[in-house]
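What follows is a set of notes on a single structure, which appears directly below.
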Amino acid sequence: MKNLHRTIHRWYQSYGRRTLPWRNTDEPYYIYLSEVMLQQTQVKTVLERYYFPFIERFPTLKALGEAELGEVLKAWEGLGYYTRAKNLHKSATLVSELPTDIDALIQLPGIGKNTAHAIAAFAFRQPVPIMEANVKRILCRLYRLENPTQKELWEYAYGLLDQDNAFDYNQAMMDIGALVCLPKNPACDRCPLERICEGKDDPLRYPAKQKRSVRLREEHIVIYRYHDRIFLHQRSGKFLHGLWGFESTKVPPCTAAYLGEVSHTYTHFKLTCKVYLYDEETPKQKHYFTLDEISELAISKVDEKILVLLKRSKRPCWVSF
Ligand code: ADE
């Protein structure tokens, strides 16, 4: 095992993404933030557009906890999976410092076992493995696991861990997964784990592909406009909670103008919206906003696409277009 850990370490020194900013800080809040952002978002997007502006806007956990949720959602706008931002904000209101203990970390909203382990390994240098998607794929291939349980995966992960340098080891495992042990095109000849990999003759077999059919959801969206103002409501249900958005309806008003269609794919379904514009003679809704005001609100990806459709459509006669 010592030799293998040395090989992984050397590989990391030569090819690892060692300059990533969250790998060059001891600040637990920054590491926590990066782990939450990276849960469902690619490194490039987090790095180029979200990590630094978020830290600049909310430099400490305390500052984050004192901020309004709306401001946090605005800084998260476009990253998707907004529950992450709400949980982050909630955690910041609960603690002024992150606990170092994994069980205590898991008590905080939005921190599951993997994120707790990542924070423990990266912020507090504890000798524990992590289990993000890249690491899972590597373990499945190394040990020829087609449909492993979580328990099995964690057992293998603990068995392989370099306890003397869990920080580099875990970062290296993620990088091997992201750069070498690719889902469709693994470059086994460049892999530092090739020597011990049981699945290298047929890597695409591990793990078995999940059969998931995409559910389709259709909505009619009505943009209610009163002069140069548009009605938006703040969502209160589970889906996109807290974000501002357009109203959906079963049947659009018969005098509404059809503007077109937008769609967006979420994790569990594809949402297609038929969009209508309805000019009101008297304001009948609650909150109307100008386009400038809307740019200050946190809205979802699909509502952003609806706004673009509205701005591009011939029919609306915005003075400011
Ligand atoms: N994904 C989750 N954590 C990560 C990290 N520390 N570096 C790169 N990608 C990650």
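The values are calculated or read from the model by the stated rules, or taken from the named source; none is laboratory data. Since the structure is predicted, the reported quantities are computational estimates derived from the model, not experimental observations. Note: ideal-geometry Cβ built from the backbone for every residue, glycine included; neighbour counts use all protein chains shown.
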Condition broken by residue 251, with the remaining ones in (1) in the same structural domain as residue 19 (by TED's automatic domain parsing); (2) in contact with a His (Cβ under 8 Å, 6 or more places away or on another chain); (3) in a loop (DSSP other than H, G, I, E, B) satisfied: (1)
Index of the failed condition, residue 95 passing every other in (1) under 18 Å from the mean Cα position of the chain (by Cα); (2) hydrophobic (A, V, I, L, M, F, W, C); (3) surrounded by fewer than 21 Cβ atoms within 10 Å (Cβ to Cβ): (1)
Residue list for the range 12-30, restricted to those being more than 8 Å from the ligand (Cβ to nearest atom), surrounded by 15 or more Cβ atoms within 10 Å (Cβ to Cβ) and part of a helix (DSSP H, G or I): 12, 15, 28, 29, 30
Some residue of the range 95-110 being without any contact (Cβ under 8 Å) to a residue 60 or more places away in the chain, in a helix (DSSP H, G or I), of a type outside the set (A, V, I, L, M) and touching a Leu at 6+ places or on another chain (Cβ under 6 Å): no
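Quick grid of which residues meet (1) closer than 30 Å to residue 303 by Cβ; (2) touching a helix residue (DSSP H, G or I) at 6+ places or on another chain (Cβ under 8 Å); (3) within 16 Å of the ligand (Cβ to nearest atom):
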residue	(1), (2), (3)
47	yes, yes, yes
54	yes, yes, yes
70	yes, no, no
84	yes, yes, yes
90	yes, no, no
97	no, yes, no
129	no, yes, yes
135	no, yes, yes
141	no, yes, no
Some residue of the range 161-172 being small (Gly, Ala, Ser) and within 14 Å of the ligand (Cβ to nearest atom): yes
Contacts under 6 angstrom Cβ, first residue in the range 203-224 being loosely packed, with under 13 Cβ neighbours inside 10 Å, partner of a type in the set (Asp, Glu) and at pLDDT 90 or above, 6 or more apart: 208/146
Qualifying positions in the range 177-220 - in a helix (DSSP H, G or I) and either within 16 Å of the ligand (Cβ to nearest atom) or basic (Lys, Arg) (or both): 177, 178, 179, 190, 195, 205
Qualifying residues in the range 122-153 (those that are outside any loop (DSSP other than H, G, I, E, B), free of Cβ contacts under 8 Å to residues at least 40 places away in the same chain and among the hydrophobic types (A, V, I, L, M, F, W, C)) - the one farthest from residue 17 (Cα to Cα): 153
Residue selected from the range 142-156 under the condition over 20 Å from residue 4 (Cβ atoms) and in contact with a Cys (Cβ under 8 Å, 6 or more places away or on another chain), by the criterion surrounded by the most Cβ atoms within 10 Å (Cβ to Cβ): 148
Check on residue 80, more than 10 Å from the chain's Cα centre (by Cα) and farther than 15 Å from residue 21 by Cβ: no
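Residue-wise test of (1) at pLDDT 95 or above; (2) of a type in the set (D, E, K, R); (3) in contact with a helix residue (DSSP H, G or I) (Cβ under 8 Å, 6 or more places away or on another chain).
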residue	(1), (2), (3)
149	yes, no, no
159	yes, no, no
188	yes, no, yes
202	yes, yes, no
222	no, no, no
Unmet requirement for residue 79, which otherwise passes all of (1) in a loop (DSSP other than H, G, I, E, B); (2) over 20 Å from residue 45 (Cβ atoms): (2)
